[in-house]
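Just so you know, all these numbers are worked out from the coordinates, no wet-lab data involved. Keep in mind that what you see is a predicted model, and the values were worked out from it rather than measured. Here the Cβ is made from the backbone with ideal geometry for all residues, glycine too, and neighbour counts use every protein chain on show.
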Amino acid sequence: GYQNNAAFSSNALVPIYDSIYTWTWDTIINNWTSHPTGKICNILYDNHQNPISYINQSWNGNSWINSGRTDIIYNVNNKMLSVTSQIWNGSAWSNTDRNITSYDSHDNPTLFTIQQWNGTSWDNNLQISYSYDSHNNCTLQLSQVWSGGMWSNTSQQLFVFDSNDNEISSTIQNMNGTSWQNSNQYIYT
């Protein structure tokens, strides 16, 4: 999914990890498993300390085995442009999905697209577009799915802000045939 990578700016203190281990909570013994169940390793960074590649591994009871790989590309402002995921098929990496993000001149994300690998090329799956007011407040988040060779509206969220840029309301609408139908509304004071 979409991840804000503001912490990965060249001016921030960013921890550089060699590997990250995870444990699972065992509900039978009411404790953490005695051995890590997963790890992220082989983490590579660019010269701005942005992680650009890493491998996920799982513990099979005897050794660590590859399970997934992630490659990330950034723009000149250290914002993620694409995140490509792959799985290990036992002998090579195979593409699974890719997220692509576009930005406006203020580094606000304007379009987020998820694509799935069909074995030979990337197929569109989901797209979220964002609109902003003159103060860079997100006023619209539109979700669409790829269907029949075109994007079809599924839901949208409308945001309203006061003169101090405080969010005062948010309305979620779902597409009902050819028109928007209100689903939820949140009012903030």
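Here the label points at Thr178 and Thr110, each 7 Å from Cα along the C-beta direction, are separated by 3.0 nm in the simple model. Would you work out which of Asn136, Asn184, Leu111 lies farthest towards the positive end of the dipole of the chain, given +1 charges on the beta-carbon of Lys and Arg and -1 on that of Asp and Glu, about the Cα centre? Of the candidates, Leu111 comes out farthest on the positive side. If R0 is 25 Å, the Cβ-Cβ spacing of Ser94 and Trp23 corresponds to a FRET efficiency of close to 0.35. For the stretch 72-189, the square roots a ≥ b ≥ c of the C-alpha gyration tensor eigenvalues yield an a/c of 1.5 or more together with a/b not exceeding b/c, which makes the shape oblate.
Look at the dipole of the chain built from charges on Cβ: of Asn66, Pro51, Phe161, the Cα furthest out on the positive end belongs to Asn66. Between the C-alpha center of the stretch 27-65 and that of the stretch 98-173 there is a gap of 31 Å.
Computed about its Cα centre, the charge dipole of the stretch 29-111 is approximately 260 debye, with only Lys, Arg, Asp and Glu carrying charge at their Cβ.
Exposure here means at most 15 other Cβ atoms within 10 Å; with chymotrypsin sites (Phe, Trp or Tyr not before Pro) in a DSSP loop as sites, the longest stretch of the chain lacking them is 24-187.
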